[in-house]
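Enquirer: Please read through the structure below; I'll follow up with questions.
The values are calculated or read from the model by the stated rules, or taken from the named source; none is laboratory data. Given the structure is predicted, the values throughout are model-derived calculations rather than measurements. Positions of Cβ are generated from backbone atoms using ideal geometry, with glycine treated the same way; all protein chains shown enter the neighbour counts. Accessible surface is based on the protein model in full, side chains and every heavy atom, while ligands, DNA and RNA are left aside. Shrake-Rupley method; radii C 1.70, N 1.55, O 1.52, S 1.80 Å.
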There are 2 protein chains.
Amino acid sequence: MKRIKLIIAYDGTNYCGWQIQPNGITIQEVMTKVASQVLREKITIIGASRTDSGVHALGNVAVFDTTTLIPAEQISHVLNQELPDDIVVVSSEQVPEDFHPRYCESSKTYEYNIVNSRTVIPTKRFTNYFVSFPLDVEQMRKACAYLVGEHDFASFCNVRTNVEDTVRTITDIKIIKSEEDIKISITGNGFLYNMVRIIVGTLIEVGRGFYQPEQMKQMLEAKDRRAAGVTAPAHGLTLVSICYK
Amino acid sequence: MKRIKLIIAYDGTNYCGWQIQPNGITIQEVMTKVASQVLREKITIIGASRTDSGVHALGNVAVFDTTTLIPAEQISHVLNQELPDDIVVVSSEQVPEDFHPRYCESSKTYEYNIVNSRTVIPTKRFTNYFVSFPLDVEQMRKACAYLVGEHDFASFCNVRTNVEDTVRTITDIKIIKSEEDIKISITGNGFLYNMVRIIVGTLIEVGRGFYQPEQMKQMLEAKDRRAAGVTAPAHGLTLVSICYK
């Protein structure tokens, strides 16, 4: 038995997110079916990040255990031959048996793509959020400065049943503007449920002047979801990469 | 009766190109149906560029005549309310009755998007051509220099029934490389059938070392389709804009 780590890219448009669920087809479900079929054994795939419906990935990570004799590095090619066009295994490699994509310490980078324009560009409609009112990127950058570091992000987390530790560390936020494209790149050691989308939704409200950058401090201190801005739509979000220590 | 000029953006993925044809749904067909329904009269739409199946547009141009009392600038909004998500009217304006989108002198700009990578990025699969072997962009730029200017582009044109004048002028070709993305932007006063896609296919073969840049000269002189490279796939191509004198 060996443990295989996959890096997976996908277009999340046609999936109900990563995790297997009864309401629709998911990436984990397709991966599990294809891997089980191709490797001719029952495969259980564990993902690093349970991305939401419509969220994309360039580098989600997943592992599974297998007895296959196919060399670890070849498994990606074998899987890609059977996977649909919207899911691609970027690489496959053997990892130690105690490697777990969620419990091992890691740093994740997400990217959120905004087009700041009054006109929707049809080819970008599944990957970019179109914001028609003008955004002040400098104000958004000032707001980011309050979020970088270790904070209690309870205000930037949608409600879940279990109370848990809501302290996380954001190591970097970059906003890159190129003509009407605005790309927000966020790196951190872990993210709460919808945290990136709420941060982006709040930054957009700063950019349009609804909040002042300094108000980010009070939002964090409130530890109350109602203190922060709206949740930005899923389709603008891409999980770019996950680095393990 | 007034003549209305539209600028239209679309995602060509799900259409058999611009022009109405029996084999499948086209952009012209959808535009005609929606305009006729919304304006409550029989509308005939004439497009500037009959883009191929799978080709996208940021700024194709079309005109139609109407008796509607809706102000010209408002027609875009009215159409967009009924159009599917993959077709967007960017603007609408009244133009002189003798304005014809194909016969009036114009300059067109096309963009071709390549990802030079061994890994396909699923979200880019409908808008970018993935080339896995490394491309030498400097060699491609040298080859472009031979194409700019007025030339007989017979070698860069797929066969059509009618013999016609195959002399065209390319005013500019730019190749912009950013990490693994290569964008080829071509501007000219008119393009033959498949001309941009054959130029791009040939430039890719220069980039991989199959042709030397200097060979472009002989290709042009040959005036024979077989002298140039392959036709690059449609889905990497976008009609960016059409400027009328």
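Enquirer: If residue B:35 meets every condition in (1) away from chain A (no Cβ under 14 Å); (2) in contact with an Asp or Glu (Cβ under 7 Å, 6 or more places away or on another chain) apart from one, which number is that one?
Expert: Looking at each condition in turn, residue B:35 falls short on (2).
Enquirer: Does residue A:134 qualify as being in contact with a Gly (Cβ under 9 Å, 6 or more places away or on another chain) and at pLDDT below 95? Walk me through how you get there before you give the answer.
Expert: Values: in contact with a Gly (Cβ under 9 Å, 6 or more places away or on another chain): yes; at pLDDT below 95: no.
No; evaluated as a whole, the condition is false for this residue.
Enquirer: If you scan the range B:120-149, which residues turn out to be open to solvent by less than 40 Å² (accessible area, probe 1.4 Å) and of a type in the set (Val, Ile, Thr)?
Expert: B:121, B:127, B:131, B:137
Enquirer: If you take the residues in the range B:178-221 that are of a type in the set (Asp, Glu) and in contact with a strand residue (DSSP E or B) (Cβ under 7 Å, 6 or more places away or on another chain), which one is nearest to residue B:164 (Cα to Cα)?
Expert: B:181
Enquirer: Let me ask another. Out of B:210, B:191, report the one residue that is in a loop (DSSP other than H, G, I, E, B) and buried (at least 20 other Cβ atoms within 10 Å of the Cβ).
Expert: B:191
Enquirer: Kindly provide the set of residues from the range B:110-132 that are among the small types (Gly, Ala, Ser) and within 11 Å of chain A (Cβ to nearest Cβ), ordered by number.
Expert: Of everything in the range B:110-132, just one residue is among the small types (Gly, Ala, Ser) and within 11 Å of chain A (Cβ to nearest Cβ), namely B:117.
Enquirer: To continue, here is another question. Among the residues of the range A:105-119, which ones are within 17 Å of the chain's Cα centre (by Cα) and either of a type in the set (S, T, N, Q) or surrounded by fewer than 16 Cβ atoms within 10 Å (Cβ to Cβ) (or both)?
Expert: Selection gives A:105, A:106, A:107, A:109, A:113.
Enquirer: Related question: Within the range A:115-160, which residues are free of Cβ contacts under 8 Å to residues at least 40 places away in the same chain and in contact with a Phe, Trp or Tyr (Cβ under 9 Å, 6 or more places away or on another chain)?
Expert: Passing the criteria: A:118, A:119, A:120, A:121, A:122, A:123, A:124, A:160.
Enquirer: Next up: Given the criterion touching a helix residue (DSSP H, G or I) at 6+ places or on another chain (Cβ under 6 Å), in contact (Cβ under 8 Å) with a residue 40 or more places away in the chain and part of a strand (DSSP E or B), identify the matching residue among B:183, B:177, B:217. Break it down stepwise before answering.
Expert: On the way: B:183 fails: touching a helix residue (DSSP H, G or I) at 6+ places or on another chain (Cβ under 6 Å); B:217 fails: part of a strand (DSSP E or B).
The unique qualifying residue is B:177.
Enquirer: Quick one: would you say residue B:77 is touching a strand residue (DSSP E or B) at 6+ places or on another chain (Cβ under 9 Å) and without any contact (Cβ under 8 Å) to a residue 24 or more places away in the chain?
Expert: Yes.
Enquirer: Let me ask another. Could you tell me which residue of the range A:213-230 is surrounded by the most Cβ atoms within 10 Å (Cβ to Cβ), considering only residues that are over 20 Å from residue A:53 (Cβ atoms) and touching a Gly at 6+ places or on another chain (Cβ under 9 Å)?
Expert: A:228
Enquirer: Name the residues in the range B:231-245 that are assigned to a strand (DSSP E or B) and within 14 Å of chain A (Cβ to nearest Cβ), would you?
Expert: The answer is B:237, B:238, B:239, B:240, B:241.
Enquirer: Quick check on residue A:203: is it in contact with a His (Cβ under 7 Å, 6 or more places away or on another chain) and crowded, with 18+ Cβ neighbours inside 10 Å?
Expert: no
Enquirer: Scan the range A:202-245 residue by residue and report those that are of a type in the set (A, V, I, L, M) and in contact with a Pro (Cβ under 9 Å, 6 or more places away or on another chain). Steps first, answer last, please.
Expert: Of the range A:202-245, the ones of a type in the set (A, V, I, L, M) are A:203-204, A:206, A:216, A:219-220, A:222, A:227-228, A:230, A:232, A:234, A:237, A:239-240, A:242.
Residues satisfying the conditions are A:206, A:242.
Enquirer: Which condition does residue B:44 not pass, out of (1) under 20 Å from residue B:106 (Cα atoms); (2) open to solvent by 10 Å² or more (accessible area, probe 1.4 Å), if it passes all the others?
Expert: Only one criterion is unmet by residue B:44, namely (1).
Enquirer: Something else now. Restricted to the range A:77-109, and to residues that are at the interface with chain B (Cβ under 10 Å from one of its Cβ atoms) and of a type in the set (Asp, Glu), which residue is nearest to residue A:55 (Cα to Cα)?
Expert: A:86
Enquirer: Further question on the same structure: Part of a loop (DSSP other than H, G, I, E, B), without any contact (Cβ under 8 Å) to a residue 40 or more places away in the chain and open to solvent by 10 Å² or more (accessible area, probe 1.4 Å): does that describe residue B:32? Spell out the reasoning first.
Expert: On the way: part of a loop (DSSP other than H, G, I, E, B): no; without any contact (Cβ under 8 Å) to a residue 40 or more places away in the chain: yes; open to solvent by 10 Å² or more (accessible area, probe 1.4 Å): yes.
So residue B:32 fails the test.
Enquirer: With the requirement that a residue be part of a loop (DSSP other than H, G, I, E, B) and either surrounded by fewer than 15 Cβ atoms within 10 Å (Cβ to Cβ) or at positive phi (or both), what does the range B:85-98 give you?
Expert: B:85, B:96, B:97, B:98
Enquirer: Another question about this same structure. If we keep just the residues of the range A:50-74 that are more than 24 Å from the chain's Cα centre (by Cα) and of a type in the set (A, V, I, L, M), which is farthest from the other protein chains (Cβ to nearest Cβ)?
Expert: Looking at residues that are more than 24 Å from the chain's Cα centre (by Cα) and of a type in the set (A, V, I, L, M), I get A:69.
Enquirer: Looking only at the range B:1-23, count how many residues are more than 13 Å from chain A (Cβ to nearest Cβ), assigned to a strand (DSSP E or B) and open to solvent by 20 Å² or more (accessible area, probe 1.4 Å).
Expert: The number of residues fulfilling the criteria is 4.
Enquirer: Take the range B:174-188 and flag every residue that is more than 11 Å from the chain's Cα centre (by Cα) and buried (at least 20 other Cβ atoms within 10 Å of the Cβ).
Expert: Within the range B:174-188, B:175, B:182, B:184, B:188 qualify.
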